[in-house]
């Protein structure tokens, strides 16, 4: 009886772990990443407009690509420049082939995918000043019949020079699986 109880406890523990991780699947694939001109806001009122085209490999934790940015205060451009992806820090895969907008499920190409990718970037301003930052791309595409994780939204977040641009204002992103 004791062996049965231990075996049952083990089976239940494995079932609990696998059930809890069902929504946090990962993919070890390579992806292209596209960020349309997107605006992110900081709590101090500044906004950051960025766009990006690049690629990353989940298993190798590598990334490459180029983007541009404009730091704005209202309609005034305070700084502009370019940035390069230098490394993939983490990736949470949401799935491929469908997006939900206003409660309507829209089928997409099977290699169009969603997820949350966190990159390190190296930026160079138009004046030549250089800095490093964290750049997060969140794409809401998911598996057919599924959903992106609750509390996530389409957009980009950036943490640069101690300013956290953590509010998605506008923008669309796309991850394309397989290079």
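The values are calculated or read from the model by the stated rules, or taken from the named source; none is laboratory data. Here the structure is a predicted model, which means the values were calculated and not measured. As a convention, Cβ positions derive from the backbone with ideal geometry for all residues, glycine included, and neighbour counts pool all protein chains shown.
Say we look at the stretch 56-81 and pick out the residues that are surrounded by fewer than 18 Cβ atoms within 10 Å (Cβ to Cβ) and under 19 Å from the mean Cα position of the chain (by Cα); which of these is farthest from residue 142 (Cα to Cα)?
68
Being closer than 15 Å to residue 175 by Cβ and either crowded, with 21+ Cβ neighbours inside 10 Å or over 17 Å from the mean Cα position of the chain (by Cα) (or both) narrows it down to one of 109, 36, so name that one.
After ruling out the rest, the residue left standing is 109.
Take residue 26 and decide whether it is within 25 Å of residue 146 (Cβ to Cβ), within 15 Å of the chain's Cα centre (by Cα) and at pLDDT 95 or above. Steps first, answer last, please.
On the way: within 25 Å of residue 146 (Cβ to Cβ): yes; within 15 Å of the chain's Cα centre (by Cα): yes; at pLDDT 95 or above: no.
Answer is no for this residue.
Would you check if there is a residue in the stretch 154-167 being without any contact (Cβ under 8 Å) to a residue 40 or more places away in the chain and surrounded by 14 or more Cβ atoms within 10 Å (Cβ to Cβ)?
Yes: one or more hits.
Condition (residue is free of Cβ contacts under 8 Å to residues at least 24 places away in the same chain and either on the phi < 0 side of the Ramachandran plot or under 15 Å from the mean Cα position of the chain (by Cα) (or both)) applied to the stretch 95-104: is it met by at least one residue?
yes
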